[in-house]
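Everything on this sheet refers to the single structure shown next.
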Amino acid sequence: MSGDSVRLTAHVHGRVQGVGFRWWTRARALELGLVGHAANLSDGRVLVVAEGPRDKVQALLGALRSGETPGSVDLVVEQFDEPRGDLTGFVER
């Protein structure tokens, strides 16, 4: 990993579509100063991609698992990679 920045790709399982989950995720990510997106997938999961300082990305991952999200999260499967630097802002897709 280069420096202190990482890229998180997280697949969030549970009742996470149609409940404001992407909006909530975007708000948390922006509070943390992260860039990326949250997108509904056709199988009912939400894909979250976020880049930024490792501690801030870990804080977002913790928030996704906190039990305080809209809907209900059953499982979060995450992967960390080198940041690509190809993201700006944080958007809902």
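The values are calculated or read from the model by the stated rules, or taken from the named source; none is laboratory data. Note that the structure is predicted; figures quoted are calculated from it, not measured. Every residue, glycine among them, receives a Cβ derived from its backbone with ideal geometry; neighbour counts consider all protein chains shown.
Looking at region 49-64, which of its residues are within 26 Å of R15 (Cβ to Cβ) and either in contact with a Cys (Cβ under 7 Å, 6 or more places away or on another chain) or surrounded by 15 or more Cβ atoms within 10 Å (Cβ to Cβ) (or both)?
V49, A50, V57, Q58, A59, L60, L61, A63, L64
Which residues, taken from region 34-48, are crowded, with 20+ Cβ neighbours inside 10 Å and not in a loop (DSSP other than H, G, I, E, B)?
G36, A38, V46, V48
Within region 33-46, can one find any residue that is in contact with a Phe, Trp or Tyr (Cβ under 7 Å, 6 or more places away or on another chain) and without any contact (Cβ under 8 Å) to a residue 40 or more places away in the chain?
Yes: one or more hits.
Can you tell me which residues in region 49-93 are small (G, A, S), part of a helix (DSSP H, G or I) and in contact (Cβ under 8 Å) with a residue 12 or more places away in the chain?
Residues satisfying the conditions are A59, A63.
So which of T88, T25 is under 20 Å from S5 (Cβ atoms), among the polar types (S, T, N, Q) and modelled with pLDDT of 95 or more?
Matching residue, one of T88, T25: T25.
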